[in-house]
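> Input: one structure, supplied below.
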Amino acid sequence: MTAENSSETKTPKHKAPQKHKKLIIALSVILAVILGLVSAFFIVRKVGENALRKRQEEMQVGFPSGSADVPDDADAYYNGVAYDYNDRLINILLLGVDRNNPNVSESHQADAIYLISLDTDAKSVKVIAVSRNTVTAVDTYDINGSYFSTAEQQICLAYTYGSDDKASSENTLKAVSNLLYGVPISGYYTVFMNSIADIVDAVGGVPVTVTEDLTGIDPRMKQGAEVTVTGKNAVSYLQYRGDSNAPRLERQKDFISSFIGRAKSAMLKDLSLPLKMYNKLAENTVTNVTSASAVYLASEALSADFQIIGIEGESGYDGTYETFVPYEKQLYETVLDVFYKKQ
């Protein structure tokens with residue numbers, strides 16, 4: 001082999017280092033993008049948290065002490081025990097209204113009422129299910145939107161007195177807070193029927209065990225059957241009411257428990273899902289919770305343990321409508337257990 005041939009077969013030494021350099025640059029760009037997205041996510045989270053906590057801090061806790069001998073440093077005193085309000089809680093009211101869309105003139109009621117309490121320190125979420133028939137103090141307004149009086153009536157009617165869906169949501173929030181001895185509620189999220197299908201389908205449907213005969217809704221929904229509720233039949237499944245609201249409330253509670261598990265799984269696959277759904281549902285929801293706050297709540301709830309709590313009481317009939325009157329002692333103790341800490 002000649003010296004000339006030998007020089008022709010040599011591989012240029014500069015090509016391999018250049019390839020490595022391009023790879024390093026590409027990886028650096030990808031890493032920078034990922035870090036930017038992560039930073040943006042945590043910034044949005046913090047903005048959302050601050051907005052919720054600021055609103056919560058502006059509200060006063062109005063819990064009755066249970067005793068005249070309340071220590072100066074306690075928020076409540078019951079059976080010889082001093083309590084402080086748990087200021088790490090964020091309380092959001094979830095309302096379901098029996099109307100397809102917001103911003104229409106017809107007056108409707110709040111069919112589903114749930115108070116969601118997130119404890120960011122304990123990593124827990126407690127959901128209090130409030131029967132729509134619960135009799136409590138409700139502010140009423142005249143046709144001009146001026147305050148008229150406060151009357152004992154079904155809590156679902158609080159929604160009928162607002163001049164628009166925002167005012168109706170706020171009036172219902174006040175009624176729920178009053179029912180729960182002045183618990184501060186920093187936000188509300190009001191859902192209308194047209195948004196239910198999208199919510200259910202976003203998590204791939206909700207598996208349930210049918211606890212009563214619902215074959216009128218779907219032939220598959222025989223008592224004891226295990227079915228998956230989809231967007232197509234979700235409204236009928238959640239809204240159907242027979243002779244009493246009690247079975248429907250239990251059905252809704254079971255549905256929510258199953259939905260939570262499905263939602264967590266869906267979020268693990270797509271962390272942007274809460275923001276996507278918030279924006280998609282904007283036209284069929286009314287809320288004072290910002291998109292940043294929604295992202296914060298969803299990310300906190302992802303790692304939290306959930307518990308759904310019912311209110312004990314007695315069902316009745318006022319001659320026209322079904323009623324539900326909570327047992328005062330049990331309600332008082334439930335509020336202490338969920339929203340307060342022993343000193």
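A quick yes/no check of all residues on (1) touching a Pro at 6+ places or on another chain (Cβ under 9 Å); (2) among the small types (G, A, S); (3) surrounded by fewer than 14 Cβ atoms within 10 Å (Cβ to Cβ):
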{"site": "L281", "(1), (2), (3)": "no, no, no"}
{"site": "N284", "(1), (2), (3)": "yes, no, no"}
{"site": "T290", "(1), (2), (3)": "no, no, no"}
{"site": "S303", "(1), (2), (3)": "no, yes, yes"}
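Table: residues versus (1) under 18 Å from L94 (Cβ atoms); (2) over 14 Å from the mean Cα position of the chain (by Cα).
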residue: E250; (1), (2): yes, yes
residue: K253; (1), (2): yes, no
residue: S257; (1), (2): yes, no
residue: K264; (1), (2): yes, no
residue: K269; (1), (2): no, yes
residue: K280; (1), (2): yes, yes
residue: A294; (1), (2): yes, no
residue: V325; (1), (2): no, yes
residue: Q330; (1), (2): no, yes
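> Another one. Among the aliphatic types (A, V, I, L, M), closer than 18 Å to H108 by Cα and in a helix (DSSP H, G or I) - does that describe any residue in the stretch 212-234?
Taking every residue of the stretch 212-234 in turn, none turns out to be among the aliphatic types (A, V, I, L, M), closer than 18 Å to H108 by Cα and in a helix (DSSP H, G or I).
> Given the structure, is P274 in contact (Cβ under 8 Å) with a residue 24 or more places away in the chain, crowded, with 19+ Cβ neighbours inside 10 Å and over 16 Å from the mean Cα position of the chain (by Cα)?
So P274 fails the test.
> Criterion first (of a type in the set (A, V, I, L, M) and either surrounded by 18 or more Cβ atoms within 10 Å (Cβ to Cβ) or in contact with a Gly (Cβ under 6 Å, 6 or more places away or on another chain) (or both)) does A137 satisfy it?
Judged against the criteria, A137 is not a match.
> From the list D139, D72, D84, D111, exactly one residue is closer than 23 Å to K341 by Cβ and either in contact with a helix residue (DSSP H, G or I) (Cβ under 6 Å, 6 or more places away or on another chain) or touching a residue at least 24 places away in the same chain (Cβ under 8 Å) (or both). Which is it?
Answer to the check: D84.
> For residues that are crowded, with 20+ Cβ neighbours inside 10 Å, more than 24 Å from I311 (Cβ to Cβ) and of a type in the set (S, T, Y), tally how many sit in the stretch 91-122.
0
> So for the stretch 306-318 (the condition being β-branched (V, I, T), in contact with a Leu (Cβ under 8 Å, 6 or more places away or on another chain) and within 27 Å of K269 (Cα to Cα)), does at least one residue qualify?
no
> Right, here's the next one. I'm told A234 meets every condition in (1) surrounded by fewer than 16 Cβ atoms within 10 Å (Cβ to Cβ); (2) on the phi < 0 side of the Ramachandran plot except one. Can you identify the failing condition by its number?
For A234, the failing item is (1).
> Show me the helices (runs of 4 or more DSSP H) found entirely inside the stretch 235-343 where at least 1 residues are closer than 22 Å to K126 by Cβ and in contact with a strand residue (DSSP E or B) (Cβ under 6 Å, 6 or more places away or on another chain).
246-269, 291-302, 328-339
> State which residue is surrounded by the most Cβ atoms within 10 Å (Cβ to Cβ) when the search covers only the stretch 193-211 and only residues that are in contact with an Asp or Glu (Cβ under 9 Å, 6 or more places away or on another chain) and assigned to a helix (DSSP H, G or I).
S195
> With A175, A122, A112 as the choices, which residue is closer than 22 Å to V235 by Cα and of a type in the set (G, A, S)?
Of A175, A122, A112, the one residue that is closer than 22 Å to V235 by Cα and of a type in the set (G, A, S) is A112.
> Could you grab the pairs with beta carbons closer than 6 Å, sequence gap of 6+ or different chains, first residue in the stretch 237-256 and closer than 15 Å to I113 by Cβ, second one in a helix (DSSP H, G or I) and of a type in the set (D, E, K, R)?
Qualifying pairs under 6 Å: R241/R248.
Taken together, the values in this text are just the output of simple stated rules run on the coordinates, not laboratory data. If you're wondering where the values come from, they're calculated on a predicted model, not measured in any experiment. Ideal geometry is used to build each Cβ from the backbone, glycine not excepted, and the neighbour counts take in all protein chains shown.
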